[in-house]
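What follows is a single structure, written as structure tokens, with notes after it.
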Amino acid sequence: ETGYFTYDPGFMSTAACKSAVTFIDGDQGILLYRGYPIEQLAKQSSFLEVSYLLMNGELPTQAEFTAFDHEVTHHTMMRESQKNFLNGFHYDAHPMAMLCASVGSLAAFYHDGLDMNDPAQRRLSAIRLLAKMPTIAAACYRYSIGWPIRYPRNNLEYVTRFLTMMFEVPSEPLKLNPVAAKALDLLFILHADHEQNASTSTVRLIGSTGANPYACVAGGIAALWGPAHGGANEAVLKMLAEIGDVKNVAKAVDRAKDKNSGFRLMGFGHRVYKNFDPRATIIREMTHEVLKELGVSDPLLDVALALEQVALKDEYFIERKLYPNVDFYSGIIYKALGIPTEMFTVMFAIARTAGWVAHWLEQHESADAKIGRPRQIYTGAPTREYKPIITR
Ligand code: SDX
């Protein structure tokens, strides 16, 4: 019934849905996108090709990829009047707040003509979201620093185009280190999808009511922002900066073990992986390379490595199978690329848009998709009689 993998009946009864997009084995530390191991895609593919794979189920031929790239490129512009939304925000609004509101507002531009029973129009909506997310994200950043927005350039590939919109100033062309674009492309691949994580399940739950894809993805952005989910990458950098030095690591680990401290090691633990998060392993290796090639040394990397070493040898973490997750190292690379901390979760949202739209499309194509309606265990008062206020 489930294809190549078998599940025990207990698991089957708790599963939110069936999906062919991504497979995770939390005990073995396995992650497959449409059957392809994340390690192979990380080494050989690109984010845009992985987006095609997630949305269509197969790797593209050269002709298919060229057509897809052309289509995405020609939907990167946002409506000029969308800038009015940005101008309405306080300059220091968090970029995730601006991104969530701006993506939701796409429904005001594209929802009316959208026939969601038409597969071609559903696919166009998915392409629009994948194409415009970097443009809107960069615009939110530029607004927050008071710089004019840079328009997407069609002659650039997806990630380079985004970095140019982020960092190019009108007075001179951006001198972009190719290492930066390659590193960000790899981080986007690693963050593109992850089965039924909280934000993807949110997109599917909203989508199950027939809501338009822009509202669904705006809901996914809101869920991702939480520090227990995508917001963890921003929280990791703040935690490492607060620890400050390798000599404070042991104390931080002890604090994380003390339930009353309210302090957790951000970037550690996972709802599914009770072994190493395969993405964390790839990012850890890549962090050293990227910092070396960019000629950047970051004392926070030493703190992170020391924290990992101490925690992985500590009974508390071993017993609870708490390992570094995808967010533990990614912030150090974002920082080395010059991306400000408050934009880290926006990076995650750009990448995860590929997974969100893939799941939204899959849900509409699925014959047994029903409106999401989780049940609950009632813990409230027993049945009782109403009393008029005068008697209370
Ligand atoms: C992402 O779902 C996905 O796929 C998400 C994601 C994706 O790609 O979409 O992988 C991305 O969200 C990664 C996770 C990022 N979040 C963090 O790094 C925040 C810090 N991590 C934790 O808050 C926590 O580990 C969770 C939320 C990620 C997972 O929580 P679980 O599996 O529900 O674990 P738990 O809360 O049930 O805790 C089990 C035990 C508890 O101790 P006991 O009550 O058993 O004594 O482990 C402890 C917890 O207190 N614990 C931690 C800890 N995480 C769990 N203790 C210290 N530091 C931590 N980070």
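The values are calculated or read from the model by the stated rules, or taken from the named source; none is laboratory data. In this text, all values refer to a predicted model and were calculated from it rather than measured experimentally. Methodologically, a virtual Cβ is constructed for each residue, glycine included, from the backbone with ideal geometry; neighbour enumeration extends over all protein chains shown. Just the protein is used for accessible areas: all its heavy atoms, side chains included, with ligands, DNA and RNA removed. Shrake-Rupley method; radii C 1.70, N 1.55, O 1.52, S 1.80 Å.
I'd like the residue in segment 194-243 that is closer than 28 Å to ASP115 by Cβ and either out of contact with any helix residue (DSSP H, G or I) (no Cβ under 7 Å at 6 or more places or on another chain) or among the basic types (Lys, Arg) (or both) and, out of all such residues, is surrounded by the most Cβ atoms within 10 Å (Cβ to Cβ).
Quick first cut of segment 194-243, residues closer than 28 Å to ASP115 by Cβ only: 196, 199-223.
Keeping just the survivors that are either out of contact with any helix residue (DSSP H, G or I) (no Cβ under 7 Å at 6 or more places or on another chain) or among the basic types (Lys, Arg) (or both) gives 196, 201, 204-205, 209-211.
Details: GLN196: 18, SER201: 18, ARG204: 23, LEU205: 21, THR209: 11, GLY210: 10, ALA211: 18.
Result: ARG204.
Can you find a residue in segment 71-91 that is free of Cβ contacts under 8 Å to residues at least 60 places away in the same chain, among the small types (Gly, Ala, Ser) and open to solvent by less than 60 Å² (accessible area, probe 1.4 Å)? Within segment 71-91, one or more residues are free of Cβ contacts under 8 Å to residues at least 60 places away in the same chain, among the small types (Gly, Ala, Ser) and open to solvent by less than 60 Å² (accessible area, probe 1.4 Å). Taking the condition more than 16 Å from the ligand (Cβ to nearest atom), over 21 Å from MET343 (Cα atoms) and not aliphatic (A, V, I, L, M), does PRO178 pass? Taking the combined requirement at face value, the residue does not satisfy it.
Of all residues being of a type in the set (Gly, Ala, Ser) and near the ligand (Cβ under 6 Å from one of its atoms) in segment 258-271, which is farthest from ASP314 (Cα to Cα)? Just the residue, please.
In this case the residue turns out to be GLY267.
The numbered conditions (1) open to solvent by less than 40 Å² (accessible area, probe 1.4 Å); (2) part of a loop (DSSP other than H, G, I, E, B); (3) of a type in the set (A, V, I, L, M); (4) over 20 Å from VAL103 (Cβ atoms) are all true for ILE339 except (4). A count restricted to segment 95-117 and to residues that are surrounded by fewer than 18 Cβ atoms within 10 Å (Cβ to Cβ) and at pLDDT 95 or above stands at 1.
Of the numbered criteria (1) charged (D, E, K, R); (2) within 12 Å of the ligand (Cβ to nearest atom); (3) out of contact with any Gly (no Cβ under 8 Å at 6 or more places or on another chain); (4) open to solvent by 50 Å² or more (accessible area, probe 1.4 Å), the one LYS274 fails is (3). Could you tell me which of the residues ARG352, ARG384 is charged (D, E, K, R) and open to solvent by 30 Å² or more (accessible area, probe 1.4 Å)? It is ARG384. Every condition in (1) open to solvent by 70 Å² or more (accessible area, probe 1.4 Å); (2) near the ligand (Cβ under 7 Å from one of its atoms) is met by ARG255 except one, and the failing one is (2).
Only one of ASP302, ASP368 is open to solvent by 10 Å² or more (accessible area, probe 1.4 Å), away from the ligand (no atom under 16 Å from the Cβ) and in a helix (DSSP H, G or I); which? Unique residue meeting the criteria: ASP302.
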